[in-house]
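Only one structure is covered here, and it is reproduced in the block below.
The values are calculated or read from the model by the stated rules, or taken from the named source; none is laboratory data. Just so you know, these numbers come straight off a predicted model, no measurement behind them. Please note: Cβ atoms are built from the backbone with ideal geometry, for glycine as well, and neighbour counts cover all protein chains shown. Just the protein is used for accessible areas: all its heavy atoms, side chains included, with ligands, DNA and RNA removed. Shrake-Rupley method; radii C 1.70, N 1.55, O 1.52, S 1.80 Å.
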Number of protein chains: 2
Amino acid sequence: MGGPTPEHVLKLGMGFWASKALLSAVELGVFTVLASAPADVTSLQQKLGLHQRSARDFLDSLVALKVLERENGIYRNTTEADLFLDKAKPSYVGGILEMANARLYGFWGSLTEALRSGHRQNEAKLGTDFFAGIYADPDRLRGFLAAMSGISAGAAHAIAAKFNWKDYKSFVDVGSAQGMMPVTLLRSHPHLSGVGFDLPPVGPVFEEFVAHNGLSAKIRFQAGNFFEQALPKADVLIMGHVLHDWSEPQKKALIGKAFDALPKGGALIVYDAIIDDQRRENAFGLLMSLNMLIETPDGYDYTGADCQTWMHEAGFSQTKVEHLAGPESMVVGKK
Amino acid sequence: MGGPTPEHVLKLGMGFWASKALLSAVELGVFTVLASAPADVTSLQQKLGLHQRSARDFLDSLVALKVLERENGIYRNTTEADLFLDKAKPSYVGGILEMANARLYGFWGSLTEALRSGHRQNEAKLGTDFFAGIYADPDRLRGFLAAMSGISAGAAHAIAAKFNWKDYKSFVDVGSAQGMMPVTLLRSHPHLSGVGFDLPPVGPVFEEFVAHNGLSAKIRFQAGNFFEQALPKADVLIMGHVLHDWSEPQKKALIGKAFDALPKGGALIVYDAIIDDQRRENAFGLLMSLNMLIETPDGYDYTGADCQTWMHEAGFSQTKVEHLAGPESMVVGKK
């Protein structure tokens, strides 16, 4: 005993069990049901439509995975699960897990094929285009944009706190989705005015979200396609979870367009699950890059150094990388 | 900042990325190739048949997941990966990960359906029987039994060290597979003689493994079906990764048969990823029970207290639970 053990490799390799248990729990609405009232196994079985065979094993697995608590046979959400996995709360981040459950879990089953071929493994493989489908269906689009909000909320709070907003008056969020970033920034910095820039079908969802947050006077939507036209001008441009979708020439083109839209002294904020320069720490960022292999023709994630190089090539004079929250960082370039 | 963050739920929910990256690495033979010689990305790309698009992201993901190391651009296995994931070494445990990659990852994609219906989601859903297929095909059977050895090795070493073997002379390993347990016990306790009991097709694979380890004089194979006949008699009976496959009546029947095969003073050792009595710590054991939902008609994992109750009902006078290694424990019953 005391020598090397296979525990790490076995736990990592079988990690899809724990992951899929949580994804199924989100799909089944476990956390939304428990947010309204803690419950015992019998009542949960009925409310969730679970067969009795494994209901208890499933719920106790969620206890062991620290997303549920159980006391005297009564299950309740942990603080985090209640805040982030209850569909009824604005802090819900489960949309991204719903998407992972419905799409990515299966597509990642073809990771080996993706690694051998270099080709994406999503709906495109069957000749359909997930994103075209989503933009054509207002209900699915709403769900997708809400999911994007879930994964942007942490970064938005960190950017509100860490960037020096008092030196600036206006910003454009490029690829704004529902508008989580503009809304979060305005809540902390009411002197700002912001624009959400995204494809035309996003407009109504964005405007509803902004109105719901009482910020329609400060934040407006501008429809456009960032490859086909110039970006709207502002003191600060933000590109979050955008650059990693695209090839290197496309990444550089977008950074160049941001440069053109900024005044002298203006700033570009790029954020993503940016990989550490040594490419050995940020596992999530590296795996996100493999997710771009699964999902896009040419996209990939990048290091802070990569992004700083592209920014300098575009003409930015000062750049820096700053950690935001979890696996995410921002790269800031000043014109 | 400082309040609750969604990091835990997002990391858990997206955990299938890390898991599948390792499973694909095992499938592609990354660790076997690197065990023969450390290599740079270009050479690995060629040896492994990787497309250049994501080869570096894939390998650096494995570095961040701590199964590879990288120095000056040269990748090598970590100590654990080299020992446990190189196919050429007898300590290889990757067989179980190969099986997870080829079968379970996909079947777990139907976990929600399993939880709603109570029905397994493996080949049985398509009307085929994975195990019948395996027992009918000597090559696949050999691979499967080797995989079982991989996951039994840790428990076998712990049982060799923790059970009081000097009081006993003979044992039967019920459901022996390739024979990892008998071989491991004999290496530490040469005074023992052992029997591997399993279905007839297992015989040649078992005998080859025992002969390869130079132990044919001390260990023999006995063919049989543990539901259709009495168990062979010995001082100690061992049932590892057996009971969880079956329903409660079947579990009790097997424990009863073990009792009948033991002399007074004899012992039954049951081991599995036994769930803690409070059902809140051993996530792997609870998830293994969901795996039994995916794989078997009625199987489930159980706590030490459950197993002790069944043993007492069968007539065992003393019982105890002892931790082995990782998520596994043994329950020992004395007649």
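Data table
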{"read-out": "When residues of region B:266-283 are limited to those that are acidic (Asp, Glu) and open to solvent by 10 Å² or more (accessible area, probe 1.4 Å), the one nearest to the other protein chains (Cβ to nearest Cβ)", "value": "B:GLU281"}
{"read-out": "Flag for A:LEU185 being crowded, with 23+ Cβ neighbours inside 10 Å, at pLDDT 95 or above and among the aliphatic types (A, V, I, L, M)", "value": "yes"}
{"read-out": "Region B:53-64: number of residues that are facing chain A (nearest Cβ under 7 Å) and open to solvent by 20 Å² or more (accessible area, probe 1.4 Å)", "value": "1"}
{"read-out": "Tally of residues being at the interface with chain A (Cβ under 9 Å from one of its Cβ atoms) and within 15 Å of B:ALA37 (Cα to Cα) across region B:70-80", "value": "3"}
{"read-out": "Hits in region A:219-229 - residues which are open to solvent by 30 Å² or more (accessible area, probe 1.4 Å), under 24 Å from the mean Cα position of the chain (by Cα) and over 20 Å from A:ALA136 (Cβ atoms)", "value": "A:ARG220, A:GLN222"}
{"read-out": "Residue, nearest to B:GLY203 (Cα to Cα), within region B:223-258, restricted to residues that are among the polar types (S, T, N, Q) and touching a Phe, Trp or Tyr at 6+ places or on another chain (Cβ under 9 Å)", "value": "B:GLN250"}
{"read-out": "Residue among B:PRO232, B:PRO190 that alone is crowded, with 16+ Cβ neighbours inside 10 Å, in a loop (DSSP other than H, G, I, E, B) and at pLDDT 95 or above", "value": "B:PRO232"}
{"read-out": "Residue satisfying all of: in region A:156-179; farther than 23 Å from A:LYS257 by Cα and within 15 Å of the chain's Cα centre (by Cα); least open to solvent (accessible area, probe 1.4 Å) among these", "value": "A:ALA158"}
{"read-out": "Single condition B:PHE197 does not satisfy, out of (1) in a loop (DSSP other than H, G, I, E, B); (2) open to solvent by less than 50 Å² (accessible area, probe 1.4 Å)", "value": "(1)"}
{"read-out": "Given (1) more than 7 Å from every other protein chain (Cβ to nearest Cβ); (2) in contact (Cβ under 8 Å) with a residue 24 or more places away in the chain, index of the condition A:LEU97 fails", "value": "(1)"}
{"read-out": "In region A:65-91, the residues that are within 16 Å of B:LEU287 (Cβ to Cβ) and open to solvent by less than 10 Å² (accessible area, probe 1.4 Å)", "value": "A:VAL67, A:LEU68"}
{"read-out": "All positions within region A:12-51 that are of a type outside the set (A, V, I, L, M, F, W, C) and at the interface with another protein chain (Cβ under 7 Å from one of its Cβ atoms)", "value": "A:GLY13, A:GLY15, A:SER19, A:LYS20, A:SER24, A:GLU27, A:GLY49, A:HIS51"}
{"read-out": "Whichever residue in region B:284-325 is crowded, with 19+ Cβ neighbours inside 10 Å and small (Gly, Ala, Ser) and, among such residues, is nearest to B:ALA153 (Cα to Cα)", "value": "B:ALA325"}
{"read-out": "Those residues of region A:292-323 which are touching a His at 6+ places or on another chain (Cβ under 9 Å) and within 14 Å of chain B (Cβ to nearest Cβ), in sequence order", "value": "A:MET292, A:LEU293, A:THR296, A:PRO297, A:GLY299, A:TYR300, A:ASP301, A:TYR302"}
{"read-out": "Top-ranked residue of region A:145-174 - restricted to ones that are of a type outside the set (A, V, I, L, M, F, W, C) and at pLDDT 95 or above, ranked as nearest to A:ALA100 (Cα to Cα)", "value": "A:ASP173"}
{"read-out": "Matching helices (runs of 4 or more DSSP H) fully within region A:247-316 where at least 1 residues are charged (D, E, K, R) and over 16 Å from B:ARG53 (Cβ atoms)", "value": "A:248-261, A:304-314"}
{"read-out": "Members of region B:115-155 that are outside any helix (DSSP H, G or I) and either open to solvent by 40 Å² or more (accessible area, probe 1.4 Å) or away from chain A (no Cβ under 14 Å) (or both)", "value": "B:HIS119, B:ARG120, B:ASN122, B:GLY127, B:THR128, B:ASP129, B:ALA136, B:ASP137"}
{"read-out": "Count of region B:25-43 residues which are under 30 Å from the mean Cα position of the chain (by Cα) and surrounded by fewer than 24 Cβ atoms within 10 Å (Cβ to Cβ)", "value": "9"}
{"read-out": "Single unsatisfied condition, B:ALA177 versus (1) assigned to a helix (DSSP H, G or I); (2) at pLDDT below 95", "value": "(1)"}
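Okay, residues lined up against (1) touching an Asp or Glu at 6+ places or on another chain (Cβ under 9 Å); (2) part of a helix (DSSP H, G or I); (3) within 14 Å of another protein chain (Cβ to nearest Cβ):
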site	(1), (2), (3)
B:HIS157	no, yes, yes
B:ALA161	no, yes, yes
B:PHE171	yes, no, no
B:LEU186	no, yes, no
B:PHE209	no, yes, no
